[in-house]
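Before any comments, here is the structure.
The values are calculated or read from the model by the stated rules, or taken from the named source; none is laboratory data. Fair warning: this is a prediction, and the values are worked out from it, not measured in the lab. Neighbour counts are summed over all protein chains in view; Cβ atoms, including those assigned to glycine, are modelled from backbone coordinates with ideal geometry.
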Amino acid sequence: MKHSSWIVNPSPHPEASVRLVCLPYAGGSAAVYRPWLRAFPSQVEVVAIQLPGRGGRFKESLYDQADELVNALFRDCQHYFAEKPLILFGHSMGAMLAYELALKLEQCLPGMLRHLIVSAFRGEQRPPSPKVRHLLSDLELREELKHLNGTPPELLHNKELMELFVPIIRADMKMCDTYRFDERVLHTGITAFGGVQDPEVSEAELEAWSKRTEGAYELKMYPGDHFFFQQDEQSFLQELNQIVERLHLHRV
């Protein structure tokens, strides 16, 4: 396959039998998954998705609609996704995108998706909220990011960096604020993760992912807030390794 700007894979494993494709949270880039590259055995190829507007794609136009983004991703990477079985992982906004990509894969490349792993994102449609995050003032937006506890303080307090970051986070938040779940149900199994102290996503909202699949479903709760997986990344990666190994061995 020709090189795609969507795919970040600095440590290719041509011998790998499965690909773990990771999609970033709002405001995040492929770099958030760099520590994961050496956390899995060689039969698992870890690939991060780089969204437009960040990293090496910083000059590209941002997307603010999930379906448009996933359609563009699939169109450019369809041949890559067809090469070997896939496990999708997404945290927060990345979970939303991973679910949309999973639907696309089942429709267009049946049999290639092995499992969907979602983290810190609701599995059901919420009623409209009076707080539309992508329309907050810059000050309110910074407070919202503080509340979520996933943005480095040095970024939040750097005026120049925030001027670059705000358009990205606004576009991503609009994508989440305006998202509506597809009524289709996956055949592939789903594992959901959540933080016990997450102020944004409740355990009941995570449990709702069980209705999004006809396959196996499991919910795992971790200590921590919305970014629990970064607060004890080693334990979380051990858990992911076990899930991937089980899927690889049993073809679940």
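Considering only segment 79-114, how many residues are polar (S, T, N, Q) and under 22 Å from TYR33 (Cα atoms)?
Qualifying residue count for the region: 1.
Condition first: within 18 Å of the chain's Cα centre (by Cα), within 25 Å of GLN230 (Cα to Cα) and small (Gly, Ala, Ser). Can you find one or more residues in segment 69-77 that meet it?
no
Quick one: would you say LYS211 is modelled with pLDDT of 95 or more, in a helix (DSSP H, G or I) and not aliphatic (A, V, I, L, M)?
Yes.
Check LEU62 against each of (1) of a type in the set (A, V, I, L, M, F, W, C); (2) at pLDDT 95 or above; (3) closer than 19 Å to VAL118 by Cα; (4) in a loop (DSSP other than H, G, I, E, B) and name the one condition it does not meet.
Condition (3) is where LEU62 drops out.
I'm told GLU205 meets every condition in (1) in a helix (DSSP H, G or I); (2) modelled with pLDDT of 90 or more; (3) closer than 19 Å to GLY28 by Cβ; (4) out of contact with any helix residue (DSSP H, G or I) (no Cβ under 8 Å at 6 or more places or on another chain) except one. Can you identify the failing condition by its number?
The one condition GLU205 does not meet is (3).
Assuming TRP36 fulfils every condition listed in (1) touching a Cys at 6+ places or on another chain (Cβ under 9 Å); (2) more than 18 Å from GLU239 (Cα to Cα); (3) modelled with pLDDT under 95; (4) not charged (D, E, K, R) apart from one, which condition is it?
(2)
When both residues are 6+ apart or on different chains and their Cβ atoms are under 7 Å apart, which pairs have a first residue that lies in segment 135-148 and is closer than 19 Å to VAL201 by Cβ, and a second that is modelled with pLDDT of 80 or more and among the hydroxyl-bearing types (Ser, Thr, Tyr)?
These pairs meet every condition: LEU145/THR151.
Cβ contacts < 6 Å: first residue within 11 Å of VAL118 (Cβ to Cβ), restricted to segment 205-224; second residue part of a helix (DSSP H, G or I) and not hydrophobic (A, V, I, L, M, F, W, C), any location; separation 6+ or different chain. Result?
Once the first residue is within 11 Å of VAL118 (Cβ to Cβ) and sits in segment 205-224, its partners that are part of a helix (DSSP H, G or I) and not hydrophobic (A, V, I, L, M, F, W, C) give TYR217/SER210; LEU219/GLU207.
Any residue in segment 22-41 that is in a loop (DSSP other than H, G, I, E, B), surrounded by fewer than 19 Cβ atoms within 10 Å (Cβ to Cβ) and among the hydroxyl-bearing types (Ser, Thr, Tyr)? Quick ask: steps written out before the conclusion?
Applying the first criterion (in a loop (DSSP other than H, G, I, E, B)) to segment 22-41 yields 24-29, 37-41.
When the remaining residues are screened for being surrounded by fewer than 19 Cβ atoms within 10 Å (Cβ to Cβ), the result is 37-39, 41.
From what's left, among the hydroxyl-bearing types (Ser, Thr, Tyr): none.
No: zero hits.
Which residues, taken from segment 130-174, are among the basic types (Lys, Arg) and either at pLDDT below 80 or touching a strand residue (DSSP E or B) at 6+ places or on another chain (Cβ under 6 Å) (or both)?
First pass over segment 130-174, keeping only residues among the basic types (Lys, Arg): 131, 133, 142, 146, 159, 170, 174.
Selection gives LYS131, ARG133.
So that you can scan it fast, the table gives a plain yes or no per residue for (1) under 27 Å from VAL18 (Cβ atoms); (2) exposed (fewer than 13 other Cβ atoms within 10 Å of the Cβ):
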| residue | (1), (2) |
| --- | --- |
| GLU200 | no, no |
| GLY215 | yes, no |
| GLY224 | no, no |
| ASP232 | yes, no |
| GLN242 | yes, yes |
| GLU245 | yes, no |
